[in-house]
Amino acid sequence: MIRVILPPHLRSLAGVESEVTLTVDGTVTQRSILDALEARHPMLRGTMRDHATQQRRPLIRFFACQEDVSQLPADAPLPEEIASGNEPFLVVGAIAGG
Amino acid sequence: MTAVRILVGTRKGAFILGADGKRTSWNVSGPLFPGWEVYHVKGSPADPDCLYASQSSGWFGQIIQRSNDGGRTWEQPGSPAGVDPGAPDEATGLPRGESNKFVYDTSHEHGRPLTTHQWYDGTQRPWEFKRVWHLEPSLDDPETVYAGVEDAALFRTTDGCRTWHELPGLRGHESGPRWQPGAGGMCLHTILLDPRDSERMYVAISAAGAFRTDDGGTTWRPINRGLKSLYIPEPEAEVGHCVHRIVLHPSRPQVLFMQKHWDVMRSDDAGGTWREVSGNLPSDFGFPICVHAHEPETVYVVPIKSDSEHYPPEGKLRVYRSRTGGDQWQPLTRGLPQQDCYVNVLRDAMAVDELDPCGVYFGTTGGQVYGSADGGDSWAPIVRDLPAVLSVEVQTLT
């Protein structure tokens, strides 16, 4: 079970509290997590990745095990702690003013 | 029982202000979508309880919201909260999660290549979607809505905002590479639907100018003859003018009024030619312009000091009214602050109701929404301390 923590704006958009838990088949990567997240909560499509290009939006960052993995390839495997659910996958809005 | 509902978009959410036909006592509900920029909220003329909102964020992009109950509850069209996962939608067959998908049409069959436009420094940049500035529901079909977006283009939905498709003839106009952004970005901010001719539509773009279609949006032509913009290299160019807002009265849709970057303008031939009607205004710079609901020659503007000083001249917040279709203007000051006032009124932040006498409303960047229940003769704040107001729309409910 994958655990995902969303920023408050996206939590309210998706109507979820604190963590989202997901099941991801195969290798756990940024792409597979986001695909599963958007399938569960379609209203999040376009808010983290561009609809057309599927590129990460510029002011969104991803963290895994206290590491910024935003610049890693979308299909790079994430740490086992994320895949096992011991650590959450964090979606973070870049700190750039209120 | 008549009532008035004001739909207010702000920098940090939306608000709905309601009153009965007397318009003396108001209730305020909100914030809706707290923390998000709401550029525009507008109701369907065909179904006043059907509202659409453009919600956006520099972080999370564009969201479209719809209410079917006059603003009490909202959902992203096609993706209601709590829906079981899976796509497409079982009932409609449409994909979920695409109500915020605005992709320029570059298809070989009917689209246009993703052309470039002029950047601030004169170089060419490709079109890139940023946000929806304005939503204009069809006059007779609640499921059909037009969206004016940044970078400037026009989109249309015919399924209640579940999916959007560009009308690419506008962006693909041969003048496109000469369009350039204004200070707020290269936005399509005004959409006017002709109530007498369903094929005719007007749009305005900063900073390209005004355009008209007579074939339902397939082809467009610039309608900027008579505009003179001293801040561009060729003041009477076909395109490149920073048009801030245009407006028409439904009883004679061939007459248009325009608040340009500088100059208040009028056209009596559907935009074929324009003449200046700034007359005795203390400044002809400004953003919004409105027409009285029952008097097509009565027009309202809010003069702003200059293109760099976005506040009222002399610190006095004055609406100016012309009852002669321009040229002669009178200041309306009763109830408005007449000293130390340095707010702005943005282009989509002024509207009228359809009651008699006509109500006039506007919101400020200082968070005030002012209303007049007597055509502008006197004003009172409806609410004083909202976030900066981006848009004001009014519904008259019967």
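Any read-out appearing in this document is the output of simple, stated calculations on the displayed coordinates, not a laboratory observation. Given the structure is predicted, the values throughout are model-derived calculations rather than measurements. Cβ: placed from backbone, ideal geometry, glycine included. Neighbour counts: every protein chain shown.
Taking 7 Å steps out from each Cα toward its Cβ at B:GLU295 and B:ILE232 produces label points 3.4 nm apart.
Rounded to the nearest 500, the 222 nm mean residue ellipticity of the protein assembly as shown from helices alone is -1500 deg cm²/dmol, with -39,500 (n - 2.57) taken per DSSP H run of at least 4 residues.
So if R0 is 45 Å, what FRET efficiency would B:TRP119 and B:ASP385 give, r being the distance between their Cβ atoms, rounded to the nearest 0.05? Given R0 = 45 Å and the Cβ-Cβ separation, E is 0.75.
Dipole magnitude for the range A:2-93: about 400 debye, using +1 per Lys or Arg Cβ and -1 per Asp or Glu Cβ, origin at the Cα centre. The longest stretch of chain B left intact once loop-based chymotrypsin sites (Phe, Trp or Tyr not before Pro) with at most 16 other Cβ atoms within 10 Å are removed from consideration, loops following DSSP, is B:1-118.
Approximating the spin labels as points 7 Å out from Cα along Cα→Cβ, the A:ARG11-to-A:SER70 distance works out to 2.0 nm. Counting neighbouring Cβ atoms within 10 Å and putting the fewest first, the residues B:CYS242, B:CYS290, B:CYS50 line up as B:CYS50, B:CYS242, B:CYS290. Using the Cβ-Cβ distance between B:ASP268 and B:HIS108 with R0 set to 60 Å, the FRET efficiency works out to roughly 0.90. Taking a straight line from the alpha carbon of B:LYS42, these aspartates and glutamates sit under 12 Å away, with near neighbours fewer than eight places off in the same chain left out: B:GLU136, B:ASP348, B:GLU393.
The calculated FRET efficiency for B:ASP47 paired with B:THR324, based on their beta-carbon distance and R0 = 51 Å, is about 0.90. Computed from the Kirkwood radius of its Cα pairs, the Stokes-Einstein diffusion coefficient for the protein assembly as shown at 10 °C and 1.306 mPa s stands at 67 µm²/s. Largest first, the three principal axis extents of the alpha carbons in the range B:268-398 are 42, 41, 24 Å in whole numbers.
Restriction of the trypsin sites (Lys or Arg not before Pro) in the range B:223-306 to DSSP coil positions whose beta-carbon has at most 14 other beta-carbons within 10 angstrom yields B:ARG225. Annotation: extensible slack from B:ASN27 through B:ASP140 equals 37.8 nm (criterion: 0.36 nm per residue apart, minus Cα-Cα distance). Neighbour counts of other Cβ atoms within 10 Å put B:VAL132, A:VAL16 in the fewest-to-most order A:VAL16, B:VAL132. By the count of other C-beta atoms within 10 Å, a proxy for reagent exposure, B:HIS294, B:HIS40 are ordered fewest to most as B:HIS294, B:HIS40.
Under 17 Å of direct C-alpha separation, and excluding same-chain neighbours fewer than eight residues apart, B:LYS316 reaches these lysines: B:LYS305. The per residue volume of the convex hull around the alpha-carbon atoms of the range A:2-93 is 90 Å³. Within chain B, the proportion of Cα pairs with more than 35 Å between them is 21 percent.
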